[in-house]
Amino acid sequence: MSYIEVTGKTEEEAVRKALTQLGLERDDVSLEILERAKSGFLGIGGSPARIRVTYGTDEPEEKKAEPTKKVEKKPEPKAEVKKPEVRPEPKKQESKKPETRPVEKAPEQKTVTAGTCDDDNARRIREFLEGLLQHMNSPAQVNVALEEKGRYQVTLEGEKLGQLIGRRGETLDAIQQLTNYAVNSGADKRIRVHVDAENYRAKREQSLESLARKVSGKVTKYRRSVTLEPMNAYERHVIHAALQDEPGVTTYSIGSEPNRRVVVSYDREKRQ
């Protein structure tokens, strides 16, 4: 781990200087306030704020540079999916326009882009989750879709999936973390897997955005910082995004996992 020390008229200004200097996001560093800003009498005798920003490089980022030579594996699933779909369509549309309109072929195209994905990564994800759910005695259908390159969305469908979500999504987060670890273990290129059940993620995101607005109101009213409860990286990102354009407040993260928290702080300059 490395660190730098930065000064500024206020703590918030020092944080912005440090992030600009490092080229990092607020959630990528840990913050320690060494000296708080002091205002002197009539501008005399004041002292700036001084902070220490700690940052480091994780091992998964090193793996991202290696796969550049092995990207040849990706074209295989695309070639297998598109060849049987794109070629038959023109032939059937030309010969039987009134009878065989694209009604039969449309579901196949939706399956590829927005429906179930069946490439090598998707099969590994599905096999792991089906085995895990079987051991948990929680039968559920596992649907895997490719959102974008290297990012997969898994939806668990079934009845009474509350036990798979857990308190504040703790069980769902654990399932997601285990799936990412199992699928990326020994793999040439790292992928990201997001797991959801009963649309919990969207509901949780709305709840966090509502919390962010309430806390922002308190911070601007009392001009005092508020530190939120520990959250995972996704939930912290929701708070940061919800308040990034909010006048009068700024946000940053402190602490280390799993107790990393978001701080919502008053910002005079942003208020103006």
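Just so you know, all these numbers are worked out from the coordinates, no wet-lab data involved. Remember, it's a predicted structure, so these values are computed and weren't measured experimentally. Every residue, glycine among them, receives a Cβ derived from its backbone with ideal geometry; neighbour counts consider all protein chains shown.
Exposure proxy shown here: for Glu130, Glu205, the number of other Cβ atoms within 10 Å sets the order, fewest to most, as Glu130, Glu205. Using the beta-carbon distance between Ile33 and Ser207 and R0 = 25 Å, what value does 1/(1 + (r/R0)^6) give for FRET efficiency, to the nearest 0.05? For Ile33 and Ser207, the calculated efficiency is 0.25. Just to be sure I understand the curve: with the Debye formula and one point per C-alpha of region 206-272, what is log10 I(q)/I(0) at q = 0.16, 0.18, 0.26 Å⁻¹? Computed log10 I(q)/I(0) values: -0.46, -0.58, -1.14.
Each of Lys160, Lys17 was scored by other Cβ atoms within 10 Å of its Cβ. Listed from fewest to most, they are Lys160, Lys17. Averaging 1/r over each pair of different alpha-carbon atoms in region 141-272 and inverting the result gives 16.5 Å, the Kirkwood hydrodynamic radius.
Based on the Cβ-Cβ distance from Ala187 to Asp245, what FRET efficiency comes out when R0 is 45 Å, to the nearest 0.05? After rounding, the FRET efficiency stands at 0.75. Residues Ile165, Ile239, Ile33, Ile191 in ascending order of nearby Cβ atoms (within 10 Å, fewest first): Ile33, Ile191, Ile165, Ile239.
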